[in-house]
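Reading through the structure tokens given below for one structure.
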Ligand SMILES: [Zn+2]
């Protein structure tokens, strides 16, 4: 399995971008871009859903 290990922009924990995933492809093209780990992605998604829900 090929992967890059990078630091999450939010929790600052190292995580792996595995070959074949969308993030891996993006990282290959734009290495200066900051990425977030799956846990943070999920948290942010939940938060934004909550935020949208609160506004209704
Ligand atoms: Zn994270």
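Key figures for this structure:
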{"quantity": "Conditions (1) exposed (fewer than 13 other Cβ atoms within 10 Å of the Cβ); (2) more than 11 Å from the chain's Cα centre (by Cα): number failed by residue 9", "calculated": "(2)"}
{"quantity": "Of the criteria (1) within 11 Å of the ligand (Cβ to nearest atom); (2) at pLDDT below 95, which one residue 9 fails", "calculated": "(2)"}
{"quantity": "Subset of region 19-54 (residues that are exposed (fewer than 11 other Cβ atoms within 10 Å of the Cβ), more than 11 Å from the chain's Cα centre (by Cα), away from the ligand (no atom under 16 Å from the Cβ) and not in a loop (DSSP other than H, G, I, E, B))", "calculated": "29, 49, 50, 51, 52, 53, 54"}
{"quantity": "Residue match in region 41-51 (condition: without any contact (Cβ under 8 Å) to a residue 40 or more places away in the chain and touching a strand residue (DSSP E or B) at 6+ places or on another chain (Cβ under 6 Å))", "calculated": "no"}
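The values are calculated or read from the model by the stated rules, or taken from the named source; none is laboratory data. Bear in mind that the values here come from a model prediction, so they are computed numbers and not experimental data. Don't worry about glycine lacking a Cβ; one is built from the backbone with ideal geometry, like all the others, and counts go over all protein chains shown.
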